[in-house]
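What follows draws every value from the coordinates through simple rules; no lab data is involved. Treat the numbers as computed from the prediction; the structure is a model and nothing was measured. Don't worry about glycine lacking a Cβ; one is built from the backbone with ideal geometry, like all the others, and counts go over all protein chains shown.
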Amino acid sequence: MAQTAGSQLHKGLKQRHLTMIAIGGVIGAGLFVGSGVVINEAGPGAFITYALTGVLIVMVMRMLGEMATANPSTGSFADYARQALGGWAGFSVARATNSVIARILIFYIGSIFLLAVILPWNSVPRRTWPRSNTWGFPGRTR
């Protein structure tokens, strides 16, 4: 492949590149530490479980790729299930996807509730309301 003068690669990272590298590093470190805890608790069986899960994920992604190239559609995974197995499968996949989305939304709503209501209520000075718990350093007085 011959390169023309205008198609040379440029050196430099943009902010979005640095952000994605940082996010990947944090996620990778978290998975590494979490895996160590699991291996410590479960023993060598954790490797077998990780290997089987990895093989399953690779197989599912390859199947989805083949279905997307064989029957391109603008729908979701539920459309592929509906085409292959019938209406009941499409409904089940769509319902499961909506359930996951609903659980994620409930988690975020709960997190916002915690940050907006519980934490300010929990940081009331002890002399104002002696039964409140304070999160912070032991012996902290306000």
Whether any residue in the stretch 49-67 is in contact with a helix residue (DSSP H, G or I) (Cβ under 6 Å, 6 or more places away or on another chain) and of a type outside the set (D, E, K, R) is what I want to check. yes
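Out of 82, 95, which single residue is part of a helix (DSSP H, G or I), within 21 Å of residue 67 (Cα to Cα) and touching a helix residue (DSSP H, G or I) at 6+ places or on another chain (Cβ under 8 Å)? Let's see the steps before the verdict.
Working: 95 fails: touching a helix residue (DSSP H, G or I) at 6+ places or on another chain (Cβ under 8 Å).
The conditions single out 82.
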